[in-house]
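Undergrad: What follows is a single structure, and I will ask about it in a moment.
The values are calculated or read from the model by the stated rules, or taken from the named source; none is laboratory data. Given the structure is predicted, the values throughout are model-derived calculations rather than measurements. No Cβ is skipped: glycine too gets one built from the backbone with ideal geometry, and neighbour counts run over all protein chains shown. Ligands, DNA and RNA are excluded from the accessible area calculation, which covers all protein heavy atoms including side chains. Shrake-Rupley method; radii C 1.70, N 1.55, O 1.52, S 1.80 Å.
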Amino acid sequence: RLVKWNVEILTKILRDMKKRRAGRAPEKILGEDKMRRLELRVLNQSGVVLDEVEEIVRLPTYREASRAAGSQNEQEDEAELDNDVKNQLLDYVQTISRLYHSDNPFHNYEHASHVNMSVVKLLSRIIAPSDVEDGEERTMHDHSYGITSDPMTQFACALSALIHDVDHTGVPNSQLIKEGQHIAAAYNNRSVAEQNSVDLAWALLMEDQYKDLRRAIYSTEKEFKRFRQLIVNSVMATDIMDKELGQARKDRWAKAFSEGAMGEGESMSDVVNRKATIVIEHLIQASDVAHTMQHFQIYKKWNLRLFLEMYKAFQEGRADKDPSEFWYKGEIGFFEFYIIPLAKKLKDCGVFGVSSDEYLNYALKNKKEWESRGQQLVEEYKEEALKVYPNAPVEEEAS
């Protein structure tokens, strides 16, 4: 069911991408041999994913992104995807779903799908702001810093949501580093899980059986590079524990939305694209923790799952503390220092319309309800954990 829903979402965006490309000069399309060499060069490049994170991802200008002339019927006919593309997309999404660890209570394919649902919701709210009338595409483009005018950006956001926790092992990066895991060393002990997810999902997409799907996503060198950059920046944004990444993101936000947003030697295009880049990263971040900004019952469902996952790690000797010892106060701190400031940024950037109010209001309500009910809920979580994982570690008696 979730595979089908995700495929439908991605198919819809791909059709919009094809529709908007109609009429483009054919000489801009990269030949198959040249495109394959470009793909393989990126696939086999040295270095790590984290090194590719950029301050600015350049989206198309309004002129570049505006759809081709022609009747609506002609556009709809041109936008129908080939069966090979549809079948390859279905196969790719199915394979991605199997790369998630189904025994993870939280970091599983259902979580990825939940994140994608939030991404799609927020994107839809950008695409239809209440103060913009239908047909005012230029106004829409400016209002969203170009995000609404580029279906590839929307596709990359949705795909990033779907792949962002591929192969997650159920323990945080800090534990992988502490254990001296080979994968941690391979990524220089930074953003281990996130970089691994990008590498696995990207390598899969580059396999021969997805050639037609790739051509539906990009057909020029410029599109390929933008797609890669969007995937890298978006997935890396989900690592909220890396202090260096987090500080760089805060600095970019301050620079993007300060009064003197244009730096020395920068163009207005740099200013707009920096805003677009940071908005996309915050969209992904908010979606990754969307359960904290939804109805309390949804929050409680996913909060319990995360507790269970961390309790499972504790039971297996892969965490130092029983999560019940710090969960109540930890959630309050998470709301105060991360969730509520993040929700306020969604509102402050002025792009997401009523959704930003909705997310912030739910975050504030959920924090208040957690303060009231959280201690009792933690006791219930612990009881549930003992049922699911009955072989709890037994504390040694003092000799």
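Undergrad: With the requirement that a residue be open to solvent by 10 Å² or more (accessible area, probe 1.4 Å) and small (Gly, Ala, Ser), what does the stretch 308-328 give you?
TA: 317, 319, 324
Undergrad: Right, something else. Looking at the structure I just gave you, is residue 305 open to solvent by less than 30 Å² (accessible area, probe 1.4 Å) and part of a helix (DSSP H, G or I)?
TA: no
Undergrad: Outside any helix (DSSP H, G or I) and either of a type in the set (Gly, Ala, Ser) or surrounded by fewer than 16 Cβ atoms within 10 Å (Cβ to Cβ) (or both): which single residue out of 102, 118, 97, 113 fits that description? Quick ask: steps written out before the conclusion?
TA: On the way: 118 fails: outside any helix (DSSP H, G or I); 97 fails: outside any helix (DSSP H, G or I); 113 fails: outside any helix (DSSP H, G or I).
Among 102, 118, 97, 113, only 102 is outside any helix (DSSP H, G or I) and either of a type in the set (Gly, Ala, Ser) or surrounded by fewer than 16 Cβ atoms within 10 Å (Cβ to Cβ) (or both).
The rows are residues; the columns are (1) in contact with a Gly (Cβ under 6 Å, 6 or more places away or on another chain); (2) farther than 22 Å from residue 289 by Cβ; (3) buried (at least 23 other Cβ atoms within 10 Å of the Cβ); (4) hydrophobic (A, V, I, L, M, F, W, C).
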{"site": "145", "(1), (2), (3), (4)": "no, yes, yes, no"}
{"site": "157", "(1), (2), (3), (4)": "no, no, yes, yes"}
{"site": "165", "(1), (2), (3), (4)": "no, no, yes, no"}
{"site": "169", "(1), (2), (3), (4)": "no, no, no, no"}
{"site": "172", "(1), (2), (3), (4)": "no, no, no, no"}
{"site": "176", "(1), (2), (3), (4)": "no, no, no, yes"}
{"site": "182", "(1), (2), (3), (4)": "no, yes, no, no"}
{"site": "188", "(1), (2), (3), (4)": "no, yes, no, no"}
{"site": "191", "(1), (2), (3), (4)": "no, no, yes, no"}
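Let's see how each residue does on (1) under 18 Å from residue 160 (Cα atoms); (2) loosely packed, with under 12 Cβ neighbours inside 10 Å; (3) not charged (D, E, K, R):
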{"residue": "9", "(1), (2), (3)": "yes, no, yes"}
{"residue": "22", "(1), (2), (3)": "no, no, yes"}
{"residue": "36", "(1), (2), (3)": "no, no, no"}
{"residue": "56", "(1), (2), (3)": "yes, no, yes"}
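Undergrad: State whether the residues of the stretch 316-323 include one that is modelled with pLDDT of 95 or more, acidic (Asp, Glu), in a helix (DSSP H, G or I) and farther than 23 Å from residue 153 by Cβ.
TA: no
Undergrad: Filter the stretch 159-189 down to the residues that are of a type in the set (D, E, K, R) and in contact with a helix residue (DSSP H, G or I) (Cβ under 8 Å, 6 or more places away or on another chain) and list them by number. Reasoning before the result, please.
TA: If we filter the stretch 159-189 for residues that are of a type in the set (D, E, K, R), which is where we start, we get 165, 167, 178-179.
Passing the criteria: 165, 167.
Undergrad: Right, another one. Got a sec? Which helices (runs of 4 or more DSSP H) wholly within the stretch 170-284 have at least 2 residues that are at pLDDT 95 or above? Show your work before the answer.
TA: On the way: elements: 173-178, 182-186, 192-205, 211-217, 221-236, 243-257.
Helices (runs of 4 or more DSSP H) meeting the threshold: 173-178, 182-186, 192-205, 211-217, 221-236.
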